[in-house]
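Report on the structure given below.
The values are calculated or read from the model by the stated rules, or taken from the named source; none is laboratory data. For clarity, every value in this text was computed on a predicted model and none was experimentally measured. Here Cβ is always computed from backbone atoms with ideal geometry, including for glycine, and neighbour counts include all displayed protein chains. Side chains included, ligands, DNA and RNA excluded: accessible areas come from the protein's heavy atoms. Shrake-Rupley method; radii C 1.70, N 1.55, O 1.52, S 1.80 Å.
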Amino acid sequence: MAGSRTFSIIKPDATARNLTGAINKVIEDGGLRIVAQRRIKMTNEQAEGFYAVHKDRPFFGELVEFMTSAPVVVQVLEGENAVLRYRDIMGATNPAEAADGTIRKLFAKTIGENSAHGSDSDENAEIEIAQFFSAEDIVG
Ligand code: ADP
Ligand code: MG
């Protein structure tokens, strides 16, 4: 493997606006390789499980409703320091605070409908990848 891996989701606000290719271009221009990718409609169970760490936050219900509102594209990204690299490429959670050229600055609508998810640690990347991909789905 060249470097490490992270897990990414192109969120419903982005797929609804036909931005999958535009976001993939930012990812690839940023130096990461898309080594697995699938378009799915998340179930309530999948979204609740994926975001279980946020279940006591006031926005949890809204977040699950949003993530199941339209298709998402789940991805595995590979490269040097993939987790941190992708957090940089995505930009801050709130698009108003995101740096120029980042996915969230370019495309996000709000702090909730913010176009992309990226893992926050190597440990969580491994857990999140395993929720959506098996080893043979990932071709580096
Ligand atoms: P990140 O996605 O940058 O890691 P968090 O893990 O803090 O951010 O939050 C997970 C997701 O929950 C965010 O990407 C966003 O979609 C949603 N979210 C976070 N904070 C809020 C908020 N204050 N209001 C509504 N949705 C939020
Ligand atoms: Mg997070």
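Points to keep in mind about this one:
- Test: residue in segment 51-62 that is basic (K, R), farther than 18 Å from Q37 by Cβ and assigned to a helix (DSSP H, G or I): no
- Residue in segment 13-24 that is within 16 Å of ligand 1 (Cβ to nearest atom), within 14 Å of M67 (Cβ to Cβ) and part of a loop (DSSP other than H, G, I, E, B) present: no
- Extreme residue, farthest from E45 (Cα to Cα), among residues of segment 119-135 that are among the polar types (S, T, N, Q) and more than 10 Å from ligand 2 (Cβ to nearest atom): S134
- Only one of R104, R85, R39 that is basic (K, R) and within 14 Å of T6 (Cβ to Cβ): R85
- All positions within segment 43-54 that are under 18 Å from I111 (Cβ atoms) and surrounded by fewer than 16 Cβ atoms within 10 Å (Cβ to Cβ): V53, H54
- Residue check, Q46 of a type outside the set (S, T, Y) and touching a Phe, Trp or Tyr at 6+ places or on another chain (Cβ under 8 Å): no
- Selection from segment 25-36 of residues that are surrounded by fewer than 17 Cβ atoms within 10 Å (Cβ to Cβ) and either free of Cβ contacts under 8 Å to residues at least 12 places away in the same chain or of a type outside the set (K, R) (or both): K25, E28, D29, G31, I34
- Near pairs, Cβ below 8 angstrom, 6+ apart or cross-chain, from segment 37-53 (closer than 25 Å to N24 by Cα) to any residue that is away from ligand 2 (no atom under 16 Å from the Cβ) and small (G, A, S): K41/A70
- Helices (runs of 4 or more DSSP H) wholly inside segment 82-140 containing at least 2 residues that are closer than 21 Å to R38 by Cα, open to solvent by less than 20 Å² (accessible area, probe 1.4 Å) and in contact (Cβ under 8 Å) with a residue 40 or more places away in the chain: 82-90, 122-132
- Any hit, segment 68-79, residues being open to solvent by 60 Å² or more (accessible area, probe 1.4 Å) and within 16 Å of ligand 2 (Cβ to nearest atom): no
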